[in-house]
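Where a number appears in this text, it was derived from the coordinates with a stated rule and is not lab data. Please read all numbers here as calculations on a predicted model, not as lab measurements. As a convention, Cβ positions derive from the backbone with ideal geometry for all residues, glycine included, and neighbour counts pool all protein chains shown.
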Ligand code: ATP
Ligand code: MG
């Protein structure tokens with residue numbers, strides 16, 4: 001069965017998960033993200049934040065409980081339909097050893113050159129691409145080595161903007177970018193989230209302040225939830 005996204009509501013219901021049976025990682029996780037709203041996940045390293053995103057993208061299946069998108073159990077829809085309808089901007093983007101155009105188009109190969117360039121411009125990477133002698137035909141190299149970390153993330157942002165999914169998952173970079181670069185990336189990330197259901201693993205205070213709901217994870221439990229003002 002294909003996943004059909006109508007509004008973009010995401011629900012975790014009493015989700016339990018472990019990688020190894022002797023060690024539970026997520027314990028009774030329940031939350032709802034209303035269509036178009038932003039939930040920020042915060043918590044110490046190892047608390048289970050990235051695992052929540054991995055489960056939503058179905059890299060693993062839950063051990064008990066349910067994950068629903070618009071009332072559909074994600075374990076009962078095809079992985080392709082799920083992944084094609086959710087956008088992900090990871091902490092460390094790994095690109096395909098193909099040209100930049102391919103990397104931006106990935107998942108939407110029928111996109112026109114004009115749409116690709118518009119997405120790259122919105123992700124603030126278009127001008128940088130034009131400086132390469134082969135421009136959009138530049139092959140990025142093994143693991144994207146011709147591009148810096150920030151540039152690779154912008155390619156992932158451009159790809160997500162082009163895909164225009166109803167649901168986006170962001171893992172904010174912890175790496176120290178200079179503040180001007182960071183502000184620019186933030187503007188691009190804001191464009192990715194605008195009007196979409198967003199789950200963001202937040203490392204920046206401004207992300208937390210703007211979230212509709214914050215979930216504080218501790219050792220796989222949600223220990224606090226609320227807005228920035230409430231917590
Ligand atoms: P960080 O802030 O460092 O990214 P996180 O909150 O995202 O941390 P997770 O990546 O969700 O943490 O990991 C939660 C726990 O699960 C950690 O204790 C980690 O060691 C464990 N874990 C993660 N991936 C695996 C795996 N593939 N196999 C076994 N254990 C894993
Ligand atoms: Mg993580």
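Would it be correct to say that residue 103 is in a helix (DSSP H, G or I) and touching a helix residue (DSSP H, G or I) at 6+ places or on another chain (Cβ under 8 Å)? Lay out the reasoning, then the answer.
On the way: in a helix (DSSP H, G or I): yes; touching a helix residue (DSSP H, G or I) at 6+ places or on another chain (Cβ under 8 Å): yes.
It is true that residue 103 is in a helix (DSSP H, G or I) and touching a helix residue (DSSP H, G or I) at 6+ places or on another chain (Cβ under 8 Å).
For the stretch 186-204, a residue qualifies if it is more than 16 Å from ligand 1 (Cβ to nearest atom) and more than 11 Å from the chain's Cα centre (by Cα), and the qualifying residues are 186, 187, 188, 190, 191, 194, 195, 196.
Evaluate the following for residue 97: is it touching a residue at least 24 places away in the same chain (Cβ under 8 Å), outside any strand (DSSP E or B), away from ligand 1 (no atom under 15 Å from the Cβ) and in contact with a strand residue (DSSP E or B) (Cβ under 8 Å, 6 or more places away or on another chain)? Before you say what the answer is, go through the steps one by one.
Numbers: touching a residue at least 24 places away in the same chain (Cβ under 8 Å): yes; outside any strand (DSSP E or B): yes; away from ligand 1 (no atom under 15 Å from the Cβ): yes; in contact with a strand residue (DSSP E or B) (Cβ under 8 Å, 6 or more places away or on another chain): yes.
Yes, satisfied.
Taking the stated definitions as given, is residue 17 part of a strand (DSSP E or B), in contact (Cβ under 8 Å) with a residue 12 or more places away in the chain and more than 14 Å from residue 216 (Cβ to Cβ)? Criteria met by residue 17. With respect to the stated conditions, residue 183 is over 14 Å from the mean Cα position of the chain (by Cα), on the phi < 0 side of the Ramachandran plot and surrounded by fewer than 16 Cβ atoms within 10 Å (Cβ to Cβ). Note on the stretch 44-66: residues that are closer than 13 Å to residue 220 by Cβ, within 12 Å of ligand 2 (Cβ to nearest atom) and touching a strand residue (DSSP E or B) at 6+ places or on another chain (Cβ under 6 Å) amount to 4. Pairs are defined by a Cβ separation below 9 Å, a sequence spacing of at least 6 or placement on different chains, a first member in the stretch 190-201 that is farther than 15 Å from residue 33 by Cβ, and a second member that is more than 16 Å from ligand 1 (Cβ to nearest atom) and in a strand (DSSP E or B); the pairs so defined are 192/87; 192/168; 192/198.
For residue 41, are the conditions met, namely being away from ligand 2 (no atom under 13 Å from the Cβ), under 15 Å from the mean Cα position of the chain (by Cα), in contact (Cβ under 8 Å) with a residue 12 or more places away in the chain and surrounded by 16 or more Cβ atoms within 10 Å (Cβ to Cβ)? Write out each step before concluding.
Values: away from ligand 2 (no atom under 13 Å from the Cβ): no; under 15 Å from the mean Cα position of the chain (by Cα): yes; in contact (Cβ under 8 Å) with a residue 12 or more places away in the chain: yes; surrounded by 16 or more Cβ atoms within 10 Å (Cβ to Cβ): yes.
So residue 41 fails the test.
Residue by residue through the stretch 41-83, note down the ones that are within 13 Å of ligand 1 (Cβ to nearest atom), under 23 Å from residue 194 (Cβ atoms) and not in a loop (DSSP other than H, G, I, E, B).
First, the residues of the stretch 41-83 that are within 13 Å of ligand 1 (Cβ to nearest atom): 41-57, 59-60.
Remaining after also requiring under 23 Å from residue 194 (Cβ atoms): 41-42, 49, 52-53, 56-57.
Across the stretch 41-83, the qualifying residues are 41, 42, 49, 52, 53, 56.
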